[in-house]
Amino acid sequence: MSIAPPKSIEELARRLEMDCVKLISISVKAPLLYGRKEIPREGKPPRIIEPPHKNLKELQRKLLDTTLIHLRCDDSLFARKGTNTVDAVIPHISKPILITMDIKNFFPSVSHFQVKTALKSRGIPDDVAKLITRLTTHRHHLPQGAPTSVELGRLVMHPVALEVKRALDATGTNYAFSMYVDDVIISGPVGLKRMIGIIYKIYERHGFNLDKSIKMRTMRLGKDVQEALGIRIDRGIEPGEAIRLKLAHANSNSKEHKGLRSYASHLQNRNKKYSERKKCNVGGRCKLCH
């Protein structure tokens, strides 16, 4: 069900089942209600996690469910509620070339100004957009660890995705494009790799830098193993190399092993449905293969 954007702070407060004065008071305090964790990474600076205080986190979840997930966003931007990594890679299965890229420091790169602009562009008044921005940003950026950050990141990336798709449309080729948080996936004919430089510039114009190191990969069908988001997709939907290695080395009785087995089984089921759907000649959504 489509829900219109809130037109006043009072309307937003009603959605959040909260007194308007209290909501404004929390928004003033919100930037101070975050912790900080550092997760070590081999050969890289630590990943910074900024989890919100329990009460703020609960409020952010309500804001996500009542408002943010209902704001329009391009279908190529996955990670929204109800989608997963498999949904993001399905359009790229067995394409002649697969290109994967990664946005450097994605959450710290999304500014409070970009969040406010994204909200206002969807019909949210300035005062409401400012309040939501205060409730969901920390130190002028999206905090990694807040339940609202992924969805707000999608909203901010909406104009970027549209510009990338316009550039790819101009090639006149049968391409596929999708994003999953900070992961960019493009596939299609081999000649698409000539578009990489243009795509870099599009992201840079919007204030984002694509990692030009090993994280940018081009994979040819039949010559390379094609993987995106940890999923192998050159011969259907299968666990990627990292998942297979973890599964092989995990203790068979451990919680990790059970989780990996469950995920591998999920991929197997999705691959079965994908294969059945490819064979199906029935138009629309066939109940037998969905």
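Observations
- All positions within region 77-116 that are surrounded by fewer than 16 Cβ atoms within 10 Å (Cβ to Cβ), polar (S, T, N, Q) and touching a residue at least 12 places away in the same chain (Cβ under 8 Å): 94
- Residue 80 meets the conditions (1) over 30 Å from residue 271 (Cα atoms); (2) at pLDDT below 95 in every case but one. The failed one is (1).
- Checking residue 220 against (1) under 23 Å from the mean Cα position of the chain (by Cα); (2) in a strand (DSSP E or B), the condition it does not meet: (1)
- Residue in region 208-219 that is farther than 27 Å from residue 44 by Cα, of a type in the set (Val, Ile, Thr), assigned by the TED database to the domain that holds residue 43 and surrounded by 13 or more Cβ atoms within 10 Å (Cβ to Cβ) present: no
- Taking region 242-290 as the range and being acidic (Asp, Glu) and modelled with pLDDT of 95 or more as the test, no residue passes.
- Test: residue in region 121-129 that is of a type in the set (Ser, Thr, Tyr), at pLDDT 95 or above, within 17 Å of residue 31 (Cβ to Cβ) and not in a helix (DSSP H, G or I): no
- Within region 182-199, the set of residues being among the small types (Gly, Ala, Ser), surrounded by 14 or more Cβ atoms within 10 Å (Cβ to Cβ) and over 16 Å from residue 231 (Cβ atoms) comprises just one member, 188.
- Whichever residue in region 230-265 is touching a residue at least 40 places away in the same chain (Cβ under 8 Å) and in contact with a helix residue (DSSP H, G or I) (Cβ under 8 Å, 6 or more places away or on another chain) and, among such residues, is surrounded by the most Cβ atoms within 10 Å (Cβ to Cβ): 233
- So residue 117, is it on the phi < 0 side of the Ramachandran plot and not in a helix (DSSP H, G or I): no
The values are calculated or read from the model by the stated rules, or taken from the named source; none is laboratory data. Everything numeric here is computed off the predicted structure, so don't read it as measured data. A quick note on method: Cβ atoms are made from the backbone with ideal geometry, for glycine too, and the neighbour counts reach across all protein chains shown.
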